[in-house]
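Report on the structure given below.
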Amino acid sequence: MMKLSVQLIVLLLASLFSVSGGAATCKVPDSGTAYWSKKVAGSSKALGDALLLAKLESRPLSSQEIQKARDWKESIQRSAVEVNTVFGVQQGRGADWLVTLLLEQNLVDGEWQSNTESLAGLKFAVNDDLDDLQGDRVHFGAKNTQETVYFDTESREAACAAVMGCEVPGGGTNVCQSYLEGWSDAVASYRNAVREENALQMAKLSIAYSEAWDRYLTEARSQTLFDRLLTAGIYSDYLKESHFQLPPEYQFFAFHPSVLMEYVDDAADGSQFKAALAVEWIGINAWQSCFGANFACGASIVSTYSDRAGVDDFGHGLMFHIENSYSFGVTERDGDVGYFLTVDLLKAFEDKKSEVKGWQEKANELLGKE
């Protein structure tokens, strides 16, 4: 009965329009937005504000907020009936079907679920394919569900203009397209508040994470290409995540070269304190915090080489790293003990742009990108 009444009203308005021609001209494309702002956009905004508040306070919707969700549900269901009637579409196959899909995404047992991470919506698109005779379309898109309903906007302009209370403007401007686009945007606008907040938070995260990576590249120990590959490989699952990631908590090293000053007391006079070459066979560095302390620390298994009289040229031992810049340690040569100290000389020659590019290339490789 309700369907029949709405149809009669639309037909009556269309008839009056064609006879009188005295209606106001639509300001296409703004007319659709203005028309639906009174019927749907208000309840969409109220729900969107409620969703945002619940999200910011990390809580489910209150009883008052759930009522706003019900008001929105009723308004979009009424609007879908009107859209179907204007376009002569059978109920269950047109706009109401899209609204049903939308509600199924957001309602559980008839009650709103405050999952704001994947809010579904509607999107209007003009058919620009001359070989496609299905008409303009309204698309529903969700994570696991896609659906499209087609509307004949060419032959229904008089009905669209009558409902909106304006005349068909002509000149290639389609009132029905404005009507449908305004409807789709009004229904989907319940997401706007949350999306704007998410965009703001993402921007803040981007800045914070960018600063963290800047610190990593400037403050952490220098790494060779092999060190970066090793670190990225160990953190591959972490780096594959689709959202922003902070830099790795630990750095890993293998076959890492360095130059140091080493003292071996048992060496011949004049050979006790000399420069030596070193290789860190394997190492780790907590570049931000050492077991919760406010300084960086790390350790490596190391071998050193220097041409000394009276002792073996090669020593083997442990190297300890402090504050990402200073390293010291102890080696042993057939009972002869050596002590060494060094600074991170590689850091002075690092090209930060090249290091950033190296990390980007490794991340892209892990993500399967070119």
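The values are calculated or read from the model by the stated rules, or taken from the named source; none is laboratory data. All values reported here derive from a predicted model rather than from experimental measurement. Cβ sites come from the backbone with ideal geometry, for glycine too, and all protein chains shown count toward neighbours. Only protein heavy atoms, including side chains, enter the accessible area calculation; ligands, DNA and RNA are left aside. Shrake-Rupley method; radii C 1.70, N 1.55, O 1.52, S 1.80 Å.
The portion of the accessible surface of segment 263-331 made up by carbon and sulfur, rounded to a whole percent, is 64 (1.4 Å probe; DNA, RNA and ligands excluded). Rolling a 1.4 Å probe over the heavy atoms of the protein chains gives segment 169-276 an accessible area of 49 Å² per residue. In order along segment 229-234, the phi-based Karplus estimate (6.51 cos²θ - 1.76 cosθ + 1.60, θ = phi - 60°) of 3J(HN,Hα) comes to 4, 5, 4, 5, x, 5 Hz; Gly and Pro are listed as x.
Please tell me which of these pairs span more than 22 angstrom C-alpha to C-alpha: LYS39/LYS143; LYS45/LYS123; LYS45/LYS73?
Numbers: LYS39/LYS143 28 Å; LYS45/LYS123 17 Å; LYS45/LYS73 12 Å.
Listed pairs above 22 Å: LYS39/LYS143.
Close amide H partners of GLY121, meaning residues 5 or more places away or on another chain with modelled amide H under 5 Å apart, are GLY141. Farthest toward the dipole's positive end in segment 258-311, which of VAL279, SER289, ALA309, given Cβ charges of +1 (Lys, Arg) and -1 (Asp, Glu) about the Cα centre? Projecting each Cα onto the dipole axis, the largest value belongs to SER289.
Dipole size of segment 148-235 about its Cα centre, with +1 on Lys/Arg Cβ and -1 on Asp/Glu Cβ: approximately 500 debye, rounded to the nearest 20.
Per 0.36 nm of contour for each residue apart, how much would the distance between HIS316 and GLN146 grow if the chain were fully extended, relative to their Cα-Cα spacing?
Numbers: separation 170, 0.36 × 170 = 61.20 nm, distance 6.37 nm.
Gain on extension, HIS316 to GLN146, equals 54.8 nm.
What you get for segment 175-224, charging only the Cβ of Lys and Arg (+1) and of Asp and Glu (-1), is a dipole of about 180 debye around the Cα centre.
Taking amide H atoms as placed 1.01 Å from N in the peptide plane, the amide H of GLY310 lies under 5 Å from those of ALA268, each 5 or more residues away in sequence or on another chain. Apolar share of the accessible surface for segment 133-203: 45 percent from carbon plus sulfur atoms, 1.4 Å probe.
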